[in-house]
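Q: Sharing a structure with you now.
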Amino acid sequence: MANFHFGPGGFELEEDEDDYDGFVLDNDYGQAFKPTQSDPVKTNPSSAAPRGGFGQPSKKQTPQEPERKFRYASDLKNEAETLPLNVGDFQMAIVRGHGHVVQQYLSNGFGVDEVLKSGWTGLMYAASNANLEITSLLLDKGADPNSHKDMYTVLMAACGAGGYSEADVLAVVNLLLDRGAEASAFDRYHTTPLMYAAREGRPLVIERLVQAGADVNRQDRRGLTGLTWAVTKGHKAAARALMQLKADPLKKHGDGQTVIDLAELNDDLEMLEILEGKKRDSTLVSAPTIPAARPKPVSSRSSNSLYVDVEQYRNFLFIAGHIPYVTTLSPAQPAHAGRQVRSYPVHS
C-alpha cells in the first residue's frame with residue numbers, strides 16, 4: 001500500500017526528489033508512471049499513434065471518387081469496338097448521328113433491316129431525324145425504303161419529322177423518293193405522307209410529293225385532307241401551295257364541314273382569302289348574340305292575345321330563319337328610345 005506524507009503548504013521532505021504542493025505520492029508509485037525510453041511520446045515524436053491527445057495528428061486521407069454508374073454519350077463511340085453488338089446500341093447510334101458507329105455495326109454483320117425494340121427499322125429512325133448521311137448509308141447497304149410499322153412508312157416518318165428545317169427534311173424525302181419510296185402510301189388511318197407534310201407546314205415537301213404522284217385531295221378515315229391539316233395548324237404557306245396544286249376547299253369532312261368553315265370558326269381572315277382566292281373585308285362579322293330560347297310572351301290588357309316586344313319578336317323571326325339579322329340599336333341605347341313602340345301578335 002502506498003505511504004502518504006502530509007505537511008503544510010511549501011514544506012518539503014529531504015527524501016523527496018520532486019517538488020509537490022499539498023501532498024505527495026510514494027516514490028515507488030511515481031516512478032512507475034514516469035516516461036520510459038520506449039515511450040513513443042519521448043522516443044518517437046513523429047508517431048501518428050494517438051495517446052490521449054498527445055503525439056502528431058494522423059494525416060487526412062484523400063476521399064476516393066465514387067464509382068460512376070451512368071454513361072456519357074461519348075461512351076458509345078469509345079466502347080463500340082469492345083461492346084457486343086445489340087439493337088439498343090445500334091438504335092442510339094442512329095439517333096445520335098454517329099455514322100461511323102453505324103458503319104461498324106453493319107460491317108460486323110448487323111442486319112440493315114433489323115427490327116428494333118420499338119418495331120421501327122434503323123432507316124425509319126434516320127428519316128425521322130432528317131439525317132441524310134445515315135439515311136444514305138443505310139439505303140446503300142440495301143435498306144428497304146418502304147419498310148413500315150403498322151403501315152407507317154419511312155417516307156411518313158420523314159415528312160412528319162418535327163423540329164427540323166424544311167431543307168433537311170426535303171433532302172431526305174428526295175433521296176427516299178429517288179430510291180423507290182411510295183408517295184401514295186397511307187397508314188391504317190389512311191393518312192398519307194402529304195398529310196404529314198401539311199401538318200408540319202412544309203410547302204416544298206408537299207410540291208415534291210405531288211410531283212411523285214401524291215393525291216392532293218385524298219381524304220383519311222375522318223374525311224380530312226392535307227388542306228385540312230394546313231388550315232387547322234395555321235400553316236398559310238402550305239395552304240397556299242396546296243391551293244395552287246388544285247386542292248378543293250369545298251370538300252366536306254366526315255362531320256359535313258369544309259376548310260372554309262374551319263377558317264371562319266377561327267376568324268382567320270388571311271386563311272379565308274387564300275382559300276377563296278379573293279380579298280375579304282378587313283373585319284369579320286362575328287355571329288350575333290341571340291337568346292337561346294323563345295322570349296316569354298306577355299299578356300295584352302286589351303285582349304287575350306299574346307304579344308311580345310318588337311325587338312324580341314324580330315329576334316324570334318331571325319332564329320326561325322324568316323328575316324336577316326339587322327342591328328338597329330347600340331347596346332347602350334334603350335330598346336324603345338326615340339320611336340313609337342309597336343307590338344306584333346304571336347299566335348300560339
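Q: For the structure I just gave you, tell me whether GLY142 is modelled with pLDDT under 95 and either out of contact with any helix residue (DSSP H, G or I) (no Cβ under 9 Å at 6 or more places or on another chain) or within 15 Å of ARG179 (Cα to Cα) (or both).
A: So GLY142 fails the test.
Q: Given the residues GLY254, GLY234, GLY201, which is the only one that is touching a helix residue (DSSP H, G or I) at 6+ places or on another chain (Cβ under 9 Å) and loosely packed, with under 15 Cβ neighbours inside 10 Å?
A: Exactly one of GLY254, GLY234, GLY201 is touching a helix residue (DSSP H, G or I) at 6+ places or on another chain (Cβ under 9 Å) and loosely packed, with under 15 Cβ neighbours inside 10 Å, namely GLY234.
Q: Test GLY142 against the criterion of being part of a loop (DSSP other than H, G, I, E, B) and on the phi > 0 side of the Ramachandran plot, and give yes or no.
A: yes
Q: Inside the stretch 185-219, can you point out the residues that are assigned to a helix (DSSP H, G or I), over 14 Å from ALA157 (Cα atoms) and charged (D, E, K, R)?
A: Across the stretch 185-219, the qualifying residues are GLU207, ARG208.
Q: When you look at ASP248, is it more than 30 Å from GLY111 (Cα to Cα), part of a loop (DSSP other than H, G, I, E, B) and either in contact (Cβ under 8 Å) with a residue 12 or more places away in the chain or more than 29 Å from the chain's Cα centre (by Cα) (or both), yes or no?
A: yes
Let's see how each residue does on (1) within 25 Å of ALA171 (Cβ to Cβ); (2) at pLDDT 95 or above; (3) in the same structural domain as CYS159 (by TED's automatic domain parsing); (4) within 23 Å of the chain's Cα centre (by Cα):
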| residue | (1), (2), (3), (4) |
| --- | --- |
| GLU200 | yes, yes, yes, yes |
| GLY213 | yes, yes, yes, no |
| GLN219 | no, yes, yes, no |
| THR228 | no, yes, yes, no |
| VAL231 | no, yes, yes, yes |
| HIS235 | yes, yes, yes, yes |
| ARG240 | yes, yes, yes, no |
| MET243 | no, yes, yes, no |
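Q: Quick one: ASP168 ticks every box in (1) surrounded by 16 or more Cβ atoms within 10 Å (Cβ to Cβ); (2) under 28 Å from the mean Cα position of the chain (by Cα); (3) over 23 Å from PHE110 (Cα atoms) bar one, so which box is it?
A: Among (1) surrounded by 16 or more Cβ atoms within 10 Å (Cβ to Cβ); (2) under 28 Å from the mean Cα position of the chain (by Cα); (3) over 23 Å from PHE110 (Cα atoms), the lone unmet condition for ASP168 is (1).
Q: Considering (1) under 20 Å from ASN131 (Cβ atoms); (2) without any contact (Cβ under 8 Å) to a residue 40 or more places away in the chain; (3) aromatic (Phe, Trp, Tyr), say which one TRP229 fails and leave the rest.
A: (1)
Q: Here is a follow-up. Taking the conditions exactly as written (surrounded by fewer than 24 Cβ atoms within 10 Å (Cβ to Cβ) and either touching a residue at least 24 places away in the same chain (Cβ under 8 Å) or not assigned by TED's automatic domain parsing to the domain that holds PHE90 (or both)), does ALA161 satisfy them or not?
A: Against the criterion (surrounded by fewer than 24 Cβ atoms within 10 Å (Cβ to Cβ) and either touching a residue at least 24 places away in the same chain (Cβ under 8 Å) or not assigned by TED's automatic domain parsing to the domain that holds PHE90 (or both)), ALA161 qualifies.
Q: Hey, can you tell me all the residues within the stretch 76-95 that are within 28 Å of the chain's Cα centre (by Cα), more than 18 Å from GLY119 (Cβ to Cβ) and either modelled with pLDDT of 95 or more or surrounded by fewer than 16 Cβ atoms within 10 Å (Cβ to Cβ) (or both)?
A: Correct list: LYS77 only.
Q: Another question, then. Is the stretch 158-169 home to any residue that is touching an Asp or Glu at 6+ places or on another chain (Cβ under 9 Å), on the phi > 0 side of the Ramachandran plot and not basic (Lys, Arg)?
A: The answer is no, given that none of the residues of the stretch 158-169 is touching an Asp or Glu at 6+ places or on another chain (Cβ under 9 Å), on the phi > 0 side of the Ramachandran plot and not basic (Lys, Arg).
The values are calculated or read from the model by the stated rules, or taken from the named source; none is laboratory data. Just so it is clear, the structure is predicted and the values come from calculations on it, not from any experiment. Positions of Cβ are backbone-derived with ideal geometry, glycine not excepted, and every protein chain shown enters the neighbour counts.
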